[in-house]
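Peer 1: Sharing a structure, written as structure tokens. Questions coming.
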Amino acid sequence: MSEAGVKFPLSEPQRRHFEVILASLENALLEVEQLARADSPDARRLTQLEDDLPDGFLDRSQEAVERLRRQLRQLADQMQLEAQHHSKGRTIGAILTAQVTQIQDSYARMLRGYGHVDPDLAPRLDPELASMEEELAELRAILRDRAPRREKRGTETAP
């Protein structure tokens, strides 16, 4: 049974499906634009994006991206889709928690599944990982606004 005047008579699960996939497309278009615009060196050490786009890609692709966005908005309106609301705080918290877990899974004692662990590895590797874990914990505390305030160098005052 479809409502009069409704172009896309969708069930609630079908509507949620389109909310997810069209949001994914919207995110992909934004990422394409961001990657195409990025002209500064990548700050990452272990992941480097090669600038191998064809000359003029951003300018030449912008019209198609805008057409897709218009189609997406029109379809979302016609389907009466709701925007997905995400918390930046929860998203960052989840990212940080996942990284803590990966660090914890990488201590020397956890590497046995990858083969023999050299006895000299733990005293060298584990302090480095523990330091990273502490920094991630500090970021999580900042996120919860409970981070210890560090004194800025050169700003300490004498009693």
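Peer 1: Over the chain, what is the mean sequence separation of C-alpha contacts under 8 Å (at least six apart), divided by residue count, expressed as relative contact order in percent?
Peer 2: Working: 67 pairs, mean separation 35.3, N = 159.
Worked out over the chain, it gives 22 percent.
Peer 1: Report the label-to-label distance for A122 and L25 in nanometres (one decimal), using points 7 Å from each Cα along the Cα→Cβ vector.
Peer 2: About 5.4 nm, to one decimal.
Peer 1: Expressed in nm to one decimal, what extension gain is obtained for the pair F8 and A64 from 0.36 nm per residue of sequence separation less their Cα-Cα distance?
Peer 2: That pair, F8 and A64, stretches by 17.7 nm at full extension.
Peer 1: Report, in degrees rounded to the nearest 10, the 0 to 90 angle that the Cα long axis of helix 121-143 makes with the longest principal axis of the chain.
Peer 2: 50
Peer 1: Suppose R0 equals 30 Å. What FRET efficiency, 1/(1 + (r/R0)^6) with r the Cβ-Cβ distance, do A94 and H17 give to the nearest 0.05?
Peer 2: For A94 and H17, the calculated efficiency is 0.85.
Peer 1: Just to confirm the number: angle between the C-alpha axis of helix 12-37 and the first principal axis of the chain, 0 to 90 degrees, nearest 10?
Peer 2: 60
Peer 1: Right, another one. Could you compute the longest span of the chain free of trypsin sites (Lys or Arg not before Pro) located in DSSP loops and having at most 14 other Cβ atoms within 10 Å, not counting the site residues?
Peer 2: Longest gap between qualifying sites, sites excluded: 46-143.
Peer 1: For a test of the definition: using alpha carbon positions, the gyration tensor, and the 1.5 limit on a/c, classify the chain as rounded, prolate or oblate.
Peer 2: prolate
Every number here is computed from the coordinates shown, using simple stated rules; none is lab data. The structure presented is a predicted model; accordingly, all values stated were derived computationally and were not measured. Every residue, glycine as well, gets a Cβ built from its backbone with ideal geometry; the counts of neighbours run over all protein chains shown.
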